[in-house]
Amino acid sequence: MSAEKEGRSMMKIGNALAPALTVSLLALALAACSKEPAKPTAEETATTLPEPAPGATAPSSGAGSASSEPAAVPSAIPAALQGRWGLVDADCTSTRGDAKGLLTVDADTLKFYESVAKLGTIKSGSATALEGEFAFTGEGQSWNLDVALRSPDGGKTLVRKDTGPDAMPGTLTYAKCP
């Protein structure tokens, strides 16, 4: 056999083996990556804690830290969110009864131009925020919405976000009426 024919024959064998070799190398690599590390024995994981000194108290985790106790959920709309709020300045000063963007908030009610919402279940809250379920009535209709209220600046503005099937998209930002 000539050297040229022998070279072509070896190339054919190499070309035929290349895919098999590639698959084998990939399988080995995957097997090496997916192997779980050996689990330590009970003897290896056992640790001995020193005996506490006589009269010593056990350390507590987070004792005295405010973050160790869950924050209390308010039972009403926080005082920082209560009052009269307008979408525009004229909502706060109108004497004609046409302040369509006026929102009056008390401990358990949101009063709008032509509707009222009574607070139901409070989901979360703080001194400057509340999220709860509200039952709305107005113009002969009734509906429920989840409403999130917050004052990001200590009572100067009120941000309202409604969620639910009848909610309008986006948020509304009110200014505190003087």
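Quick notes
- Environment charge of SER142, counting only residues whose C-beta is closer than 12 Å and scoring Lys/Arg +1, Asp/Glu -1: -1
- Heavy-atom accessible area order for ILE77, ILE122, largest first, 1.4 Å probe: ILE122, ILE77
- Each Lys or Arg adds one and each Asp or Glu subtracts one; over the other residues with Cβ under 11 Å from the Cβ of GLY86, this totals +1.
- Each residue, THR104 and ALA79, gets one label point 7 Å from its Cα in the Cβ direction; the gap between the two is 2.1 nm.
- Cα-Cα over 18 Å, subset of LYS123/LYS161; LYS111/LYS161; LYS118/LYS156; LYS123/LYS176; LYS100/LYS156: LYS118/LYS156; LYS123/LYS176; LYS100/LYS156
- The Cα-based radius of gyration of the stretch 65-178, divided by its Kirkwood radius, gives an Rg/Rh of 0.99.
- In order along the stretch 80-97, the Karplus-derived 3J(HN,Hα) couplings, from 6.51 cos²θ - 1.76 cosθ + 1.60 at θ = phi - 60°, round to 5, 9, 7, x, 9, 10, x, 6, 10, 3, 4, 4, 8, 10, 5, 10, 9, x Hz, and Gly and Pro are given as x.
- Put simply, the amide H of LYS123, placed in the peptide plane, has neighbours under 5 Å in GLU131, GLY132, GLU133, leaving out anything fewer than 5 places away on its chain.
- Gain on full extension, evaluated as 0.36 nm per residue between SER94 and LEU172 minus their Cα-Cα distance, stands at 26.1 nm.
- Environment charge at THR173 (Cβ cut-off 12 Å; Lys +1, Arg +1, Asp -1, Glu -1): +4
- The fraction of accessible area contributed by carbon and sulfur in the stretch 83-163 is 50 percent, rounded to a whole number (1.4 Å probe; ligands and nucleic acids excluded).
- Area accessible to solvent at GLU139, 1.4 Å probe radius, in Å²: 140 Å²
The values are calculated or read from the model by the stated rules, or taken from the named source; none is laboratory data. Everything numeric here is computed off the predicted structure, so don't read it as measured data. All Cβ positions, even for glycine, are placed from backbone atoms using ideal geometry, and neighbour counts span all protein chains on display. The accessibility values were calculated without ligands, DNA or RNA, using every heavy atom of the protein model including side chains. Shrake-Rupley method; radii C 1.70, N 1.55, O 1.52, S 1.80 Å.
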